[in-house]
1. Among the residues of the range 273-296, is any free of Cβ contacts under 8 Å to residues at least 24 places away in the same chain and either assigned by TED's automatic domain parsing to the domain that holds Glu350 or not polar (S, T, N, Q) (or both)?
2. Going by what's in this entry, would Gly122 be described as within 12 Å of the ligand (Cβ to nearest atom), buried (at least 21 other Cβ atoms within 10 Å of the Cβ) and not hydrophobic (A, V, I, L, M, F, W, C)?
3. How many residues are in a helix (DSSP H, G or I) and not β-branched (Val, Ile, Thr) if we restrict to the range 1-43?
4. Name the helices (runs of 4 or more DSSP H) wholly inside the range 275-385 in which the number of residues that are surrounded by fewer than 21 Cβ atoms within 10 Å (Cβ to Cβ) is 1 or more.
5. In the range 5-30, which residues are more than 11 Å from the ligand (Cβ to nearest atom), among the small types (Gly, Ala, Ser) and either surrounded by fewer than 23 Cβ atoms within 10 Å (Cβ to Cβ) or not assigned by TED's automatic domain parsing to the domain that holds His121 (or both)?
6. Scan the range 96-119 for residues that are in contact (Cβ under 8 Å) with a residue 40 or more places away in the chain and within 16 Å of the ligand (Cβ to nearest atom) and jot them down.
7. Yes or no: the range 233-253 includes at least one residue that is within 16 Å of the ligand (Cβ to nearest atom), in a loop (DSSP other than H, G, I, E, B) and free of Cβ contacts under 8 Å to residues at least 60 places away in the same chain.
8. Only one residue in Val307, Val269, Val328 is in contact with a strand residue (DSSP E or B) (Cβ under 9 Å, 6 or more places away or on another chain), closer than 18 Å to Val223 by Cα and either within 16 Å of the ligand (Cβ to nearest atom) or of a type outside the set (S, T, N, Q) (or both). Which one?
Amino acid sequence: MRIGITCYPTYGGSGVVATELGIELATLGHEVHFISYSQPFRLNGRDDGIFYHEVPVSNYPLFEFPPYDLALASRMAEVAEYYNLDLLHVHYAIPHSVSALLARQMLAARGRRLPFVTTLHGTDITLVGLDRSYLPITRHAIQESDGVTSISNYLREKTIADFEITRPIQTITNFVNCDVYTPINDEEKRARCRAHYAKPGEVLLMHLSNFRPVKRITDVVKVFALVAREVPAQLILIGDGPDRSAAEWLAHDLGIHARVHFLGKQDRVSELLALADLFLLPSQLESFGLAALEAMACKVPAIATHVGGVPELIQDGVTGLLFPIGDVDAMAAGALKLLSDSARLNAMREAARKDAQKRFCADLVVPQYVRFYEKILAATDAAKV
Ligand code: GMT
């Protein structure tokens, strides 16, 4: 198949899923064309069968708000025509599904069918899509998509209820490449790599996100402060975003800044995650929690909040621990209890990796997307006759 993929190319879960999906599809022999305003950040160096088409956005002085969604629709239609795409797959409904709808109409006017699949990721529904000014157009584009997938049952049900969607939505969960996201089983090597961040005997906690308010980054720092009060510990934060300076300020205010390491945006997060003892994800809302899955695949259980689709990923007490939003005392107490019981911690580490392999490996999930595309294309062909 020849598949066009559009996503937000910057740091964020939906862009990661779209990019990893493109890479996996290309490995399976499909031709993948990314269409976006810049190259997706995880695409570097893995480009066999992958093409990238930049969307130029004109900066004409009259445009106080340059119309990216229109430029995207034009580029989608062009790329589909020039490269004979079978379908488009857009990640994050706003504005990508609206642009795809326009591209489909543009080509239909010339007698060419271009079906598109929309994958819903989270904040496109839970935050942005519920803004009254975006809701009607987002709803329309979801309804009019040739296929819609959601990354968790929670998000699927929320979209149907909040947007009054009447068309089917199929859940296809987030996934992880279990060969790339893998534990470091060589203990000597792991100790050597950990030594960059923690002394022998110190606990290493980790967080990875885009530092948006929904991630509650200051809770990460508060939980760490409580843990570090009881045991020698270090915290690594990977990523960047609007709440970074608030977290940096808090680390200074609490006097723990020497033990809190802000690494910024990193390319090879799998190598860092595998060094951690525990992952912290105290989000306000998470429709799945891809970063926790990546940690689990590296044998690192998460201390997370019991929100959204997280319970579909983490089995509380088995592959991680779940707590109410904002309950930093309980999160720290749970982490400390786990860290003091090496048998339980090891069992949880093993269970986390096993569950990631059993339910969320790319080998299991990517074929679900391929079958979904085939179903959409078959329906498109049937409609032609
Ligand atoms: O987490 C974010 O704020 C980024 C956002 C995105 O779309 O880029 O992530 C969402 O999509 C991820 C991949 O499907 C999910 O694993 C995250 O749970 C989801 N984030 C939220 O629902 C807050």
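The values are calculated or read from the model by the stated rules, or taken from the named source; none is laboratory data. Treat the numbers as computed from the prediction; the structure is a model and nothing was measured. Note that we place each Cβ from the backbone using ideal geometry, even for glycine, and neighbour counts take in every protein chain shown.
1. Checked against the condition, which is being free of Cβ contacts under 8 Å to residues at least 24 places away in the same chain and either assigned by TED's automatic domain parsing to the domain that holds Glu350 or not polar (S, T, N, Q) (or both), the range 273-296 yields no hits at all.
2. yes
3. Final tally of qualifying residues: 10.
4. 310-313, 328-339, 342-360, 362-384
5. Within the range 5-30, Ala26, Gly29 meet the criteria.
6. Answer for the range 96-119, where residues must be in contact (Cβ under 8 Å) with a residue 40 or more places away in the chain and within 16 Å of the ligand (Cβ to nearest atom): His96, Ser97, Val117, Thr119.
7. Looking through the range 233-253, at least one residue is within 16 Å of the ligand (Cβ to nearest atom), in a loop (DSSP other than H, G, I, E, B) and free of Cβ contacts under 8 Å to residues at least 60 places away in the same chain.
8. Step by step, each of Val307, Val269, Val328 is checked, and only Val307 is in contact with a strand residue (DSSP E or B) (Cβ under 9 Å, 6 or more places away or on another chain), closer than 18 Å to Val223 by Cα and either within 16 Å of the ligand (Cβ to nearest atom) or of a type outside the set (S, T, N, Q) (or both).
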